[in-house]
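The values are calculated or read from the model by the stated rules, or taken from the named source; none is laboratory data. If you're wondering where the values come from, they're calculated on a predicted model, not measured in any experiment. Because the Cβ atoms are built from the backbone with ideal geometry, glycine has one as well, and the counts that use them run over all protein chains shown.
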Amino acid sequence: MLKKEGDLVYLTGRYITLNWVQEWIKLKNRWLLTLEGHDLQSTWHAFIWDERHTVHQYFQRHYVRHALLKVSIKTKQQNYIKTPVWLSTLEAIVHPNFMNLGKIITYKDLDGKGGLKFRHELKEEGIQLEWWAYLKIQSRYKKYKKEWDIQRELMALDKILLGTEGKTIKIIYNYLLEYKMEEEQVKEVMIKWAQNFGYNIELDNWQKLL
């Protein structure tokens, strides 16, 4: 159960904005993406995953983008420990004007069992890449592999964000509600730990004990 009315307000705002962030992730609604990103000098995945807004400050001057970005970053910090399969490396490193939204290439397409697929392997699968594009992807893949590792399966939240269900908002809300309740339970146990042992335990250390 949520303990405060503020929790309900927080969750309501969170699931509405996260439902909107879906469009930034799926990259399918061209009209909306063009409307919200007509002035972008970098691409959507560059902002929601690489946090390019720290370099391109203008991104946050747009009221709607600023609000959605805050939710996106918090969701990333709370739910992802590896690079998600829906991330498009190429989309994140080229100028928006050069992007073909009808051919978005994600890590699900690029990542093989032994690592990044070779260019000829991708070509056999119908993914045509120029050498410059493949080299950029290769460089970024190594960076993500070292810093984050690559998630090879869809997580529960991924399935929700990439889904096409008509009741997406309800599904997102239920997911966030469950996460919030689990978070409260962990905090309660951590408080008990401090009371029983006389010192606090950091969340990272607590998670290692689970």
**Q.** Close pairs from the stretch 122-133: first part of a helix (DSSP H, G or I), partner among the aromatic types (Phe, Trp, Tyr) and surrounded by 10 or more Cβ atoms within 10 Å (Cβ to Cβ), Cβ under 9 Å, at least 6 apart
**A.** 122/134
(Q) So, residue 32, is that one in a loop (DSSP other than H, G, I, E, B) and modelled with pLDDT of 75 or more or not? (A) no
Q) How many of the residues in the stretch 35-55 are crowded, with 16+ Cβ neighbours inside 10 Å, assigned to a loop (DSSP other than H, G, I, E, B) and among the β-branched types (Val, Ile, Thr)? A) 1
Q. Out of (1) modelled with pLDDT of 65 or more; (2) touching a Ser or Thr at 6+ places or on another chain (Cβ under 9 Å); (3) exposed (fewer than 14 other Cβ atoms within 10 Å of the Cβ), what's the single condition that is false for residue 58?
A. (2)
Q | Residue check, residue 24 at pLDDT 80 or above and part of a loop (DSSP other than H, G, I, E, B) | A | no
Q: Give 136, 170, 159, 145 a once-over and let me know the one that is modelled with pLDDT under 80 and among the basic types (Lys, Arg).
A: 170
Q | Qualifying position, being modelled with pLDDT of 85 or more and either of a type in the set (Ser, Thr, Tyr) or surrounded by fewer than 16 Cβ atoms within 10 Å (Cβ to Cβ) (or both), among 117, 123 | A | 123
Q | Residue within the stretch 184-192 that is surrounded by 12 or more Cβ atoms within 10 Å (Cβ to Cβ), modelled with pLDDT under 85 and closer than 18 Å to residue 25 by Cβ present | A | no
